[in-house]
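Notes for the one structure printed next.
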Amino acid sequence: MKFKKCLIFGAKGQLGTEFCRQLGERAVPVDLPEGDITNRFAVEELLNGVKPDAVLNAAAFTAVDAAEQQPAVCRKVNAAGPFYLAQECEKRGIPLVHISTDYVFCATQKREPLTEEDEPAPLGVYSETKLEGERNIQKTLENHLILRTCGLYGKLGANTLGNFVETMRRLGASRRNLRIVNDQHCTPTWVPNLAQAALWLLENEKWGLYHTVDQGETTWFDFAQEIFRICGLEVDAGPISTAEWNAPAPRPLYSVLDTAKYHALGGPEMLHWKESLRRYLES
């Protein structure tokens, strides 16, 4: 165990909660208000007090549609916050683990799994600020891990409003007719898989940018159908397009991430999305 004290920002969210579970006594969890990554002085004071061996950032502004109405707030959390963390980690010579998103490819025209070498194509406030956060870390701190992932679901933390799986379970049990987007291709990811991969990369000091999502690809409509099937819910679900859904913020139509770079290192396997979903729903 090289990193015996890991400071976790966003510790009450889905991923932060799982980081704490997997790290056990090594975890030092913080969340709002004391863990405000947008306050550079609070970040400095916290690191001075805790003296961590590593920092894990699971804090983010993830309300994609709300980001369009609150761009300044979104940018502070997703771009400035990671910059402050990277600065403080650089001062102390400690690594930073940061979670990013498939949304950095929101406007890509590519229709095959995207690698770390593919040029990002952000569109909308959320995706633009997440990419800005990545680049702020890359230019500031050498020993960093940036993990792009997608559609996280897992045990709900104290500060978690929900996730797609739980929303579909709730709606599937209360409504018989649902319309779900069927032209966004991606790979929803089970939180324990991501946390395990992140901690393995940290422990083995494999610094850099990685795509860490579950295996395979699906659409939100097909993902929902699998949820209903496993849960035994009879739902008349129909597919709609992203254009018909007409959400305020743009969504990527294709954001399947290629995990070959990560898996070539021999780390814990990212399961196929169907297997992950089954384990989650049956646990």
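Round to the nearest 0.05 the FRET efficiency obtained for Ala72 and Glu205 when R0 = 41 Å and r is the Cβ-Cβ distance.
Numbers: r = 36 Å, r/R0 = 0.87.
In this case the efficiency is close to 0.70.
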DSSP loop (so not H, G, I, E, B), at most 14 other Cβ within 10 Å: list which GluC sites (Glu not before Pro) in the stretch 122-190 pass both filters.
Glu142
Of the DSSP H helices in the chain, those whose Cα atoms cover at least 20 Å axially and whose Kyte score averages 1.6 or more
none
Trypsin sites (Lys or Arg not before Pro), restricted to the stretch 91-126: which are DSSP loop and have at most 16 other Cβ atoms within 10 Å?
Lys110, Arg111
Among bridges DSSP assigns within the chain, what percent are antiparallel (round to 5)?
5 percent
Of the GluC sites (Glu not before Pro) in the stretch 1-53, which ones lie in a loop per DSSP and count no more than 15 other C-beta atoms within 10 Å?
Glu34
Looking only at the stretch 196-221, which residues have a backbone nitrogen under 12 Å from a spot 7 Å from the Cα of His272 in the C-beta direction?
215-217
The stretch 1-37 and the stretch 91-162: distance between their alpha carbon centers, rounded to Å
18 Å
Mind checking the log10 I(q)/I(0) for the stretch 79-137 at q = 0.14, 0.17, 0.27 Å⁻¹? Debye, one equal scatterer per Cα, no solvent, two decimals.
-0.44, -0.60, -1.06
Note the direction-averaged projected area, equal to a quarter of the hull surface, for the Cα convex hull of the chain, in nm².
14.0 nm²
Quickly work out the Val50-to-Ala63 label distance, labels modelled 7 Å from Cα along the C-beta direction, and quote it in nm with one decimal.
2.5 nm
Relative contact order of the stretch 1-115 (C-alpha contacts under 8 Å, at least 6 apart) in percent is 27 percent
Here the relative contact order (percent) of the chain, from C-alpha pairs under 8 Å and at least 6 apart, is 21 percent
How far apart, in nanometres, would the label points at Ala121 and Arg279 be if each is projected 7 angstrom from Cα along the Cα-to-Cβ direction?
3.3 nm
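Each value in this text was obtained by applying a stated rule to the coordinates, not by laboratory testing. If you're wondering where the values come from, they're calculated on a predicted model, not measured in any experiment. Cβ: placed from backbone, ideal geometry, glycine included. Neighbour counts: every protein chain shown.
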